[in-house]
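S.K.: Below is the structure I would like to discuss, written out as structure tokens.
Bear in mind that the values in this text are calculations on the coordinates, not laboratory data. Everything numeric in this text was worked out from a predicted model, so none of it was measured. Here the Cβ is made from the backbone with ideal geometry for all residues, glycine too, and neighbour counts use every protein chain on show.
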Amino acid sequence: MGKYKRVLLKLSGESLAGDQGFGINPVVVEAIGKQIKRVHDAGIDVAIVVGGGNIWRGLAGSAKGMDRAQADYMGMLATVINALAIQDALEQQNVPARVQTAIEMRQVAEPYIRRKATRHMEKGRVVIFGAGTGNPYFSTDTTAALRAAEIEADVILMGKKGTEGIYDKDPNQNDDAKKFDNISYKEILLRSLSVMDSTATSLCMDNDIPLVVFKIDDFENIYRAAIGEDIGTTVGGK
């Protein structure tokens, strides 16, 4: 596979926390920013969807009796904090970046407008999508699938902490876990593999969006995945 023309990078909130496990580690964000700059400098359009789990997890809140929608809105706001951190890291590297949010907050970011997002990328800007889809009950994985379809990204690059790709069972708990080099979306759904939630998986499957799952612990993998190196697990096909 040659290098992609337009990628959507899905970053978990946890990846911004580094070893501290919560919050934002500026050293980690800077390192991620440098790798995104490499992708940008290679002439690849970059869009980013970032999670908020390093600050707040909506599901955890609702599990403790909080209203689910309220907890999810809090999670969406957490993703905006992360998006602003990534924007700052990119601008420190002289990479022009724009944050677009699904919940309007004009003082800190543009509202999400698909055509404007595409135009930014055509002009060489990195676009960071915050606040999920703007709706409770939808994960940032689903946001990544939705935005990738909307901006016609060639691939979703999904960085996972602590795992090299997709396995037939949890590699952290099973020594005999086998890694897939390639797998179809249908098989992910049939095997109930926890790659991303079923809504996101179905959206990717229905719109033929390939997915590359790779280990985010080595930040250089962001660049390797974007230029089409054979790393992690590639998901595609029905």
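S.K.: Ranked from highest to lowest mean number of other Cβ atoms within 10 Å per residue, what is the order of the peptides 228-234, 139-145, 191-197?
M.R.: My ranking of the peptides, most packed first, is 139-145, 228-234, 191-197.
S.K.: Let me check against my output: what whole-number percent is the relative contact order of the chain, with C-alpha pairs under 8 Å and at least 6 apart?
M.R.: Value for the chain: 23 percent.
S.K.: Expected output is a single nm value to one decimal: the length gained when fully extending between residue 179 and residue 70, i.e. 0.36 nm times separation in residues minus the C-alpha distance. What is it?
M.R.: Value of the extension gain: 35.5 nm.
S.K.: Let me see the pair-distance distribution of segment 1-142: every alpha carbon pair, 5 Å bin width, integer percents in order.
M.R.: The calculated distribution, bin by bin, is 2, 11, 20, 22, 20, 14, 7, 3, 1, 0.
S.K.: Antiparallel DSSP bridges in the chain: what percent, to the nearest 5?
M.R.: 15 percent
S.K.: Another question about this same structure. At a 10 angstrom cut-off on C-beta neighbours, averaged per residue, how do the peptides 125-138, 203-216 rank from highest to lowest?
M.R.: 125-138, 203-216
S.K.: Once the piece of chain linking residue 106 and residue 3 is laid out straight, how much longer is it, given 0.36 nm per residue of separation minus the C-alpha distance between them?
M.R.: Length difference between fully extended and current span is 33.6 nm.
S.K.: Cα centroids of segment 182-238 and segment 74-120: how far apart, whole angstrom?
M.R.: Segment 182-238 and segment 74-120 have Cα centres spaced 24 Å from each other.
S.K.: Could you list, in their original order, any pairs among 34/215; 3/178; 34/179 whose Cα atoms are separated by more than 25 Å?
M.R.: Pairs exceeding 25 Å: 3/178; 34/179.
S.K.: Using a 7 Å offset from Cα along Cα-Cβ at residue 202, what residues in segment 142-157 end up with backbone N under 19 Å from the label point?
M.R.: 142-150
S.K.: Could you state the per residue volume, in Å³, of the convex hull enclosing the Cα atoms of segment 159-238?
M.R.: Given the Cα convex hull of segment 159-238, per-residue volume reads 87 Å³.
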